[in-house]
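Take a look at the structure set out below.
The values are calculated or read from the model by the stated rules, or taken from the named source; none is laboratory data. On a predicted model such as this, the values are computed, not experimentally measured, just so you know. Reconstructed Cβ throughout: ideal geometry from the backbone, glycine too, with neighbour counts over all protein chains shown. The protein model used for the area step is the full one, side chains on, heavy atoms only, and it has no ligands, DNA or RNA in it. Shrake-Rupley method; radii C 1.70, N 1.55, O 1.52, S 1.80 Å.
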Amino acid sequence: MNKFFSCAALLVAVTLGLNAQKPMNAPKGGKAISDELLGIFFEDISSAADGGLYAELVQNGSFEYSPAEKDGWGAGTAWKQIRPGHSLGTLEVRKTGGIHPNNPTYMRLKIERVREFYDYKGWRGFGIENGGFDGISVKAGEKYTFSAFFRNSKGATKPIRVALVEPQGWGKDPKLLAEATVTADTKNWKKYEAELTPTADCKNATLQLLALELGDLDVDMVSLMPQDTYKGHGLRKDLAQALADLQPKFMRFPGGCVVHGGGDGFWDTYRWKTTIGPKETRRGLKNTWGYHQSMGLGYFEYFQFCEDLGMEPVPILPCGVSCQGTNGGWGLYPTQAQDVVPMSEMDEWVAEAIDLIEWANGDPATNRWAKMRADAGHPKPFNLKYLGLGNEEKISPEFCERFKYIYERVTKAHPEIVIVGTAGPGSHPGNADLENGWKLAEELGMPIIDEHYYEPNTYFLNKRQYDNYPRDRKTKVYLGEYAAKDKKLIDALAEGLYLLHVERNADIVCMTSYAPLFARKTNTNWNPDMIYFDNERPYLTCSYYVQQLFGQSAGQYFYGDCVQFEGDEAGVIQPQENVHYGQSVILNVKTRRLYVKLVNAGDEAKKANINLSRFGVKKTATITTLSGQPNDENNYDAQPIAPKKETIKAQKKFNLDLEPYTMVMLEYQL
């Protein structure tokens with residue numbers, strides 16, 4: 001019987017039989033590897049969620065921004081008072097009598113005068129407007145859903161004019177793009193909706209809310225969402241499609257340092273339970289990276305997106321220890337910087353993990369957390385397989401004590417879940433945290449350990465870390481965060497060369513994810529990133545395209561003896577340390593496809609002798625080439641690097657000239 005392995009199968013030694021698609025038998029000479037090798041890691045850094053992947057167009061729609069989050073911020077951040085026709089009123093920030101305790105702040109509009117007798121070219125009323133994230137970008141003819149909670153707390157029933165407008169400059173009337181009217185008709189909070197269809201494209205529109213009657217009007221949870229989102233699930237379509245095109249096999253979320261209060265202590269730890277349920281009941285949070293998270297993109301949306309893309313969800317939960325960067329530490333004063341939960345309170349964090357598993361996988365008829373999932377529109381389980389505990393915390397005695405406590409109790413309650421642990425920051429041989437992390441992993445029999453490193457491209461060009469890992473370890477490696485420290489073509493090729501090395505060792509390394517994933521052009525906390533974006537489009541880096549080629553070429557078997565570079569010793573498998581070219585041949589027995597990948601990150605052409613006789617390739621093949629000059633990079637002004645694809649005649653034995661600074665992928669149907 002043929003054996004082919006996913007990451008989970010490698011971890012728990014499950015042998016899978018032939019499935020209904022009748023996967024082919026693998027020819028001799030192949031090594032079983034993980035076919036979940038390439039995934040993505042989403043962290044809300046550089047405004048990746050609000051103003052990014054989450055398609056909401058209104059900024060601070062819940063009025064929960066705070067000066068505690070950022071100097072100069074407050075409930076009115078991103079909002080502006082407007083009073084066309086010389087209407088009069090005041091704005092009052094209130095925190096009592098809100099919609100929900102998790103969302104206490106709202107805005108009261110006290111309308112004192114509406115110039116009924118002086119209709120200022122059609123514009124009148126008193127209200128507020130929002131400019132979104134660097135302007136609201138709308139398209140002519142597209143439909144947008146406006147919603148808000150209003151409470152008519154004083155005075156007559158109030159019509160409210162909702163308008164999308166294009167500002168025309170000081171002293172000029174704005175250009176009307178779309179409008180609707182809703183009527184606040186109750187003294188209790190009530191959600192109102194309207195559909196807006198702009199008559200013209202606009203990159204810097206604003207959303208206006210104008211009350212047309214005197215009295216007091218309470219406003220909260222203002223939203224403007226495009227109706228055309230990815231699979232109708234509220235994610236920005238072009239950014240989500242860019243991720244889908246990577247063909248990732250899993251997604252790690254929500255961080256990263258976001259998970260455990262990286263900047264300010266354990267008090268602002270990300271809690272998954274406050275990110276599910278109706279949007280008005282979710283608790284916004286100060287972000288580790290210095291801004292506000294609305295949690296409109298919460299755990300339900302993460303799991304739903306994984307389902308939409310066919311990815312395994314890999315949620316990461318804190319395990320009672322903060323990031324060592326807390327309180328300004330980042331390792332300078334490690335004994336002072338790392339916050340820890342008292343052991344007497346650790347059961348709360350155990351419950352956090354067990355409840356998540358039951359929310360994701362449980363039966364709504366018997367489990368209250370599973371019922372919440374069903375009530376949100378997903379009665380079927382999400383089939384969670386992986387759960388991460390911790391994120392690159394320093395492997396201190398305090399961490400080990402708490403990790404053991406939560407690990408043992410979660411695995412006892414749910415032995416079917418594959419736990420992903422952490423190897424601490426800086427996962428290089430000789431690093432004390434890496435060594436301590438591996439000792440802990442082996443002591444516990446941990447299935448996967450998560451390693452992280454960011455280095456100059458020279459590291460990825462010259463090091464081959466996993467060749468030297470013991471082959472008898474039960475614990476597998478997840479390379480959860482890595483990247484060369486720039487975004488030029490040479491950096492992407494260095495990463496590609498390293499991924500060839502990972503594929504050769506994919507019996508040890510079962511998962512990888514480049515980081516960070518997204519960065520907004522005007523709010524970038526970290527460089528480089530895989531995908532940059534503004535309101536109009538994503539900008540795909542050279543590294544994105546390398547990741548895409550590896551994502552497209554997943555398989556269950558690695559063959560190292562099908563390609564021989566001219567001048568190399570027979571039988572030597574590239575890439576070796578300090579050699580800047582390499583190859584990998586991957587067989588996917590499920591799809592009956594064969595992939596040959598070659599990378600040349602050097603300045604001299606290489607000739608590769610390729611022999612695919614054992615595979616029985618069909619008549620044609622596809623060749624994809626990524627090539628350029630080493631310092632080329634894709635940016636907002638130019639995108640010179642993109643893969644070029646063509647169909648060629650398939651041959652079993654042939655030579656291929658690999659130009660300098662080039663990656664090539666050949667794809668065959670078997």
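Kindly indicate which of GLY141, GLY85, GLY89 is under 17 Å from GLU213 (Cβ atoms) and at pLDDT 95 or above.
Only one candidate qualifies: GLY89.
Yes/no matrix, rows are residues, columns are (1) of a type in the set (D, E, K, R); (2) open to solvent by less than 50 Å² (accessible area, probe 1.4 Å); (3) touching a Pro at 6+ places or on another chain (Cβ under 7 Å):
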residue	(1), (2), (3)
PRO397	no, no, no
ALA432	no, no, no
TRP438	no, yes, no
ASN462	no, yes, no
ASP472	yes, no, no
VAL477	no, yes, no
ALA492	no, yes, no
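Has the range 198-206 got any residue that is surrounded by fewer than 19 Cβ atoms within 10 Å (Cβ to Cβ), more than 25 Å from GLY97 (Cβ to Cβ), at pLDDT below 95 and among the small types (Gly, Ala, Ser)? Let's see the steps before the verdict.
Keep residues of the range 198-206 that are surrounded by fewer than 19 Cβ atoms within 10 Å (Cβ to Cβ), which gives 199-201, 203-204.
From the residues that got through so far, the ones that are more than 25 Å from GLY97 (Cβ to Cβ) too are 199-201, 203-204.
So of that shortlist, the ones also at pLDDT below 95 come out as none.
Looking through the range 198-206, none of the residues is surrounded by fewer than 19 Cβ atoms within 10 Å (Cβ to Cβ), more than 25 Å from GLY97 (Cβ to Cβ), at pLDDT below 95 and among the small types (Gly, Ala, Ser).
Looking at the range 256-272, can you tell me whether even one residue there is at pLDDT 95 or above, buried (at least 19 other Cβ atoms within 10 Å of the Cβ) and not acidic (Asp, Glu)?
So far as the range 256-272 goes, yes, one or more of its residues are at pLDDT 95 or above, buried (at least 19 other Cβ atoms within 10 Å of the Cβ) and not acidic (Asp, Glu).
Consider ASN383 carefully, then state whether it is of a type outside the set (A, V, I, L, M), closer than 17 Å to VAL314 by Cα and open to solvent by 10 Å² or more (accessible area, probe 1.4 Å).
yes
Kindly establish whether GLN574 is modelled with pLDDT of 95 or more, out of contact with any helix residue (DSSP H, G or I) (no Cβ under 6 Å at 6 or more places or on another chain), part of a loop (DSSP other than H, G, I, E, B) and under 29 Å from ALA515 (Cβ atoms).
Answer is no for this residue.
Hey, among the residues in the range 412-430 that are closer than 21 Å to PRO397 by Cα and either touching a residue at least 60 places away in the same chain (Cβ under 8 Å) or part of a helix (DSSP H, G or I) (or both), which one's least open to solvent (accessible area, probe 1.4 Å)?
Ranking the candidates gives VAL420 first.
Somewhere in the range 488-496, is a residue part of a strand (DSSP E or B), in contact with a strand residue (DSSP E or B) (Cβ under 8 Å, 6 or more places away or on another chain) and within 23 Å of MET665 (Cα to Cα)?
no
Could you check the range 94-117 and list, in sequence order, the residues that are buried (at least 16 other Cβ atoms within 10 Å of the Cβ) and in contact with a Pro (Cβ under 7 Å, 6 or more places away or on another chain)?
GLY98
Can you tell me which residues in the range 287-314 are in contact with a Gly (Cβ under 7 Å, 6 or more places away or on another chain) and under 26 Å from ASN60 (Cα atoms)?
THR288, HIS292, GLN293, SER294, MET295, GLU301
Please find, within the range 138-163, the residue that is farthest from ALA184 (Cα to Cα) out of those that are in a strand (DSSP E or B) and small (Gly, Ala, Ser).
Taking the candidates together, the pick is ALA163.
Which one is surrounded by the most Cβ atoms within 10 Å (Cβ to Cβ), of the residues in the range 577-595 that are modelled with pLDDT of 95 or more and either outside any strand (DSSP E or B) or charged (D, E, K, R) (or both)?
The qualifying residue surrounded by the most Cβ atoms within 10 Å (Cβ to Cβ) is VAL589.
Take the residues of the range 501-547 that are under 23 Å from LYS31 (Cβ atoms) and in a loop (DSSP other than H, G, I, E, B): which is most open to solvent (accessible area, probe 1.4 Å)?
Looking at the filtered set, the residue picked out is ASP507.
Looking at the range 596-623 only, could you name the residues that are open to solvent by less than 10 Å² (accessible area, probe 1.4 Å), part of a strand (DSSP E or B) and under 20 Å from GLY555 (Cβ atoms)?
Selection gives VAL596, LYS597, LEU598, VAL599, ALA608, ILE610, ALA621.
Looking at (1) under 28 Å from ALA49 (Cβ atoms); (2) open to solvent by less than 30 Å² (accessible area, probe 1.4 Å); (3) of a type in the set (Gly, Ala, Ser), find the lone condition where GLY141 falls short.
Status for GLY141: all satisfied but (2).
Exactly one of (1) open to solvent by 50 Å² or more (accessible area, probe 1.4 Å); (2) under 15 Å from PHE126 (Cα atoms) is unmet by ILE160. Its number?
Single failed check for ILE160: (1).
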